[in-house]
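J.: Sharing a structure here in structure tokens format.
The values are calculated or read from the model by the stated rules, or taken from the named source; none is laboratory data. Just so we're clear, the structure is a prediction, and the values are computed from it rather than from any experiment. Cβ atoms come from the backbone with ideal geometry, glycine included; neighbour counts cover every protein chain shown. Ligands, DNA and RNA are stripped out before the accessible areas are found, and what is left, the full protein with its side chains, is counted by its heavy atoms. Shrake-Rupley method; radii C 1.70, N 1.55, O 1.52, S 1.80 Å.
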Amino acid sequence: MVKLTVNSCTVNYVSSSHRLFRRCLIVMASVTVSCDAGDDDCEVCDDVPELSDSDEEQWQSMEQGSECTTVPCLLCDSRTFTSVSETVQHCKTDHGVDIPDLVQKHRLDDYGYIKMINYIRTTVNGPLPWDSDQYMKPALPDDPLLLIDVEELIEAADVTLSPAAGDQVPLLLQRARQAEDRAQRAEEALARAMDDLHKLKLLAQGLVLNAGTSRGPSRSGAIAELREEDDEAYFSSYGHYSIHEEMLKDKVRTESYRDFMYHNMDVFKDKVVLDVGCGTGILSMFAAKAGARKVIAVDQSEIIYQAMDIVRSNKLEDTITLIKGRIEEIDLPVEKVDIIISEWMGYFLLFESMLDSVLYARDRYLAEDGLVYPDRCNISLAAVGDTQKHCDRIAFWDDVYGFKMRCMKKAVIPEAVVEVLKPGTVISEPAVIKTIDCGSVTVSELEFTVDFSLKITACTFCTVMFSTAPDCTKTHWKQTVFLLESPIPVKTGEELPGQIVVHKNRKDPRALLITLDVAGRKQTYSLQ
């Protein structure tokens, strides 16, 4: 005997547990219900009649009719079926969701089954999240999937095919193949979507980094077309004395220029020399001492005034003429020069795009048989295995004093790092990715795409890519480091293929954007 209270009225029911279960379920959909067991003496409220035989017949009629009811799929918004068994089979075949198996696996009783179905109707996530009583309320009114007995559902699933059912085997196999084909297509579609998402990410990154390109200079002669006010920050940075002190103290840099000119005086004797970006005038004075007849030194930064004092202090004012201004905007006191010298190299060789100015001077002022020094330059790339550096720079953001800052990785990784590397961390032979002949190269050729392959020399994890050699005496150029988000496992002797794309930042043509694609991982770095 069960006592069912509906709006403070009591109705006595004596029925099988199965049928009572169904009746209670239907009542639950529209009213608040409480059930108390064990009270045999229950009174019936005056305004609630007891069920008559006709009521019982009506219930039986509803049960029989439920077999023809339209049953919405648990996982498809648009699919419906004519029976519960067909719906259950569809969920198993098309979605891989075996409802009877779930019931057995989680040992669900009637209430557990109700909760599960209602949960799946609303959301699918987590282990047994339908334990809450909130899922006792049907998600769909008179849900046919809730109007069957759980034990019958399991028994129906356990029944083996009879001989008469053998004719359905080819159909079932066909459905299985179709399901497998759908799964394969879904996986391929997901892979394409992930690839498109990655391309969209790179596109968005490029749009952000290159914002404002319509207002910037054109692709050809980007530096030459810069207005003086647009380039003021660059030249102002060279007005500070500390940067010139650092360059002069870089013995590898300065002594290389000195030794070249002093050991090749026959090249400079009686020649007219142009020094582009002269700074303190050190290269101009080397050229004068090497026998140059006339040296014209040009610089736009304020350091030119100190250079004038330095030249006079060394009594070279009759040989060296200093001019303040951008080489693209001034007129030299001569039509042609025999030699152009310049220390134009930046980080990653091309940073600051000063070579563009040298090429402008070459095309305008250099005599037909003239020379440009340095005459040839290389950019090399190599792999580094430095897990400690990766932890310090990338993994660091996973836990910062107990707080997650992983989003910072997306901001940190695209910034190329300029620093001195330990030679022992290099794990590949260097690969030359660009050779520049300063006598013939054009400005457009300073933006390039190159495929490369790095021969690995150690079994470890590749964490960094870099340019310029760390195994020689360190210079103020240091090495340009490109941190990888995730280390790449490598083995001795194998080849690590990749591609590098180098181009100017359209918003700031003195800055570089460098895209590395290594082992299927693509990342764009900015050097600015």
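J.: Of (1) in the same structural domain as Cys91 (by the TED database); (2) within 19 Å of Ser83 (Cβ to Cβ); (3) at pLDDT below 75; (4) surrounded by fewer than 19 Cβ atoms within 10 Å (Cβ to Cβ), Pro127 satisfies all except one. Which?
T.: Every listed condition holds for Pro127 apart from (2).
J.: Out of the stretch 371-420, which residues are part of a helix (DSSP H, G or I) and under 30 Å from Lys269 (Cα atoms)?
T.: none
J.: Look at Asp363 and say whether it is open to solvent by 10 Å² or more (accessible area, probe 1.4 Å), in a loop (DSSP other than H, G, I, E, B) and not assigned by the TED database to the domain that holds Ala416.
T.: no
J.: Looking at the stretch 318-326, is at least one residue in contact with a Phe, Trp or Tyr (Cβ under 7 Å, 6 or more places away or on another chain), of a type in the set (S, T, N, Q) and in a loop (DSSP other than H, G, I, E, B)?
T.: No.
J.: Filter the stretch 68-117 for residues that are in a loop (DSSP other than H, G, I, E, B), more than 21 Å from Gln178 (Cα to Cα) and open to solvent by less than 80 Å² (accessible area, probe 1.4 Å) and give the result.
T.: Thr69, Ser83, His106, Leu108
J.: Just checking, does the stretch 176-189 include any residue being modelled with pLDDT of 65 or more, surrounded by 10 or more Cβ atoms within 10 Å (Cβ to Cβ) and within 30 Å of Val501 (Cα to Cα)?
T.: Yes, the conditions are met somewhere in the stretch 176-189.
J.: Sticking with this one: Within the stretch 310-353, which residues are out of contact with any Lys or Arg (no Cβ under 9 Å at 6 or more places or on another chain), open to solvent by less than 10 Å² (accessible area, probe 1.4 Å) and of a type in the set (A, V, I, L, M)?
T.: Within the stretch 310-353, Val311, Ile341 qualify.
J.: So which residues in the stretch 243-265 are at pLDDT 90 or above and among the polar types (S, T, N, Q), if there are any at all?
T.: The answer is Asn264, and nothing else.
J.: Residues being open to solvent by 10 Å² or more (accessible area, probe 1.4 Å) and in a strand (DSSP E or B): count how many of those fall in the stretch 273-303.
T.: 2
J.: Determine, yes or no, whether Val400 is assigned by the TED database to the domain that holds Val518 and exposed (fewer than 13 other Cβ atoms within 10 Å of the Cβ).
T.: On the way: assigned by the TED database to the domain that holds Val518: yes; exposed (fewer than 13 other Cβ atoms within 10 Å of the Cβ): yes.
Here the answer is yes, as Val400 does meet what is asked.
J.: Shifting gears a bit: How do the pairs read when you match residues in the stretch 254-283 that are without any contact (Cβ under 8 Å) to a residue 60 or more places away in the chain and closer than 11 Å to Ile296 by Cα with residues anywhere that are open to solvent by 70 Å² or more (accessible area, probe 1.4 Å) and hydrophobic (A, V, I, L, M, F, W, C), using Cβ under 6 Å and keeping only pairs 6 or more apart or on different chains?
T.: Close Cβ pairs satisfying both conditions: none exist.
J.: Kindly evaluate Lys409 against the criterion of being of a type in the set (Lys, Arg) and over 18 Å from Ile488 (Cα atoms).
T.: no
J.: Another question, if that's okay. Quick one: Lys410 ticks every box in (1) open to solvent by 40 Å² or more (accessible area, probe 1.4 Å); (2) at pLDDT below 90; (3) over 13 Å from Ser486 (Cα atoms) except a single one, so which number is it?
T.: Going through the list (1) open to solvent by 40 Å² or more (accessible area, probe 1.4 Å); (2) at pLDDT below 90; (3) over 13 Å from Ser486 (Cα atoms), Lys410 breaks only (3).
J.: Report the residue count in the stretch 427-461 for those that are open to solvent by less than 50 Å² (accessible area, probe 1.4 Å) and part of a strand (DSSP E or B).
T.: Number of matching residues: 11.
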